[in-house]
Amino acid sequence: MKTFDDYLDLRTKELKDGLTNFMLVRSAISPRTPEEVFAPCPEGDRYYMDMDAVGRKMQAYLKECYEQFCCMIDVVLEGQPDEILSKANKSKLSICRTIEHKLTFCTNCREALDLALAALDEQVRLAREIYKEKNPEA
């Protein structure tokens, strides 16, 4: 019988593998040029470059997988204090912005990937802790 940890491990590995491939093979961050007029933006100062059709399909697949993953995490975190929910939401935002290729301060895709993977690890850590608190016998 699969446990919560087994399922979480499987889904996390799937997301990490997909995100790594997507970011390192299908993504690119456009460097700022000296000629650009720099207007400070709290979301970032660099853009992701356009992707080909395969990259867009990978992006859609990752987005769907991550939304399903979040549904599972949200159930576990239900009823938690605002501090924990805030940490989870911050991690979620970081991952979503990476998958959706929103503005970034990252200078390259490896840096953006590392931040997203760290955020995913934080979500998993929170979910495991809360699940064990709610289900001590599991």
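Here is a list: Leu19, Leu24, Leu10. Which entry is more than 19 Å from Ala112 (Cβ to Cβ) and either part of a helix (DSSP H, G or I) or modelled with pLDDT of 95 or more (or both)?
One residue alone meets the criteria, Leu10.
One line per residue, one yes/no per condition, for (1) modelled with pLDDT under 95; (2) within 15 Å of Thr12 (Cα to Cα):
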site: Arg32; (1), (2): yes, no
site: Ala39; (1), (2): yes, no
site: Arg56; (1), (2): no, no
site: Cys71; (1), (2): no, yes
site: Phe105; (1), (2): yes, no
site: Leu117; (1), (2): no, yes
site: Glu122; (1), (2): no, yes
site: Arg125; (1), (2): no, yes
site: Glu137; (1), (2): yes, no
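Between a residue in the range 113-138 that is in contact (Cβ under 8 Å) with a residue 12 or more places away in the chain and more than 18 Å from Leu62 (Cβ to Cβ) and any residue that is outside any helix (DSSP H, G or I) and among the polar types (S, T, N, Q), which pairs come within a Cβ distance under 8 Å, given they are 6 or more apart or on different chains?
Pairs that qualify, where the first residue is in contact (Cβ under 8 Å) with a residue 12 or more places away in the chain and more than 18 Å from Leu62 (Cβ to Cβ) and the partner is outside any helix (DSSP H, G or I) and among the polar types (S, T, N, Q), are Ile130/Gln80; Ala138/Thr3.
Which one of Thr98, Thr107 is of a type outside the set (A, V, I, L, M, F, W, C) and buried (at least 19 other Cβ atoms within 10 Å of the Cβ)? Working first, answer last.
Values: Thr107 fails: buried (at least 19 other Cβ atoms within 10 Å of the Cβ).
Sole residue among the options that is of a type outside the set (A, V, I, L, M, F, W, C) and buried (at least 19 other Cβ atoms within 10 Å of the Cβ): Thr98.
The values are calculated or read from the model by the stated rules, or taken from the named source; none is laboratory data. Being a predicted model, the structure only gives us computed values, none of them experimental. Please note: Cβ atoms are built from the backbone with ideal geometry, for glycine as well, and neighbour counts cover all protein chains shown.
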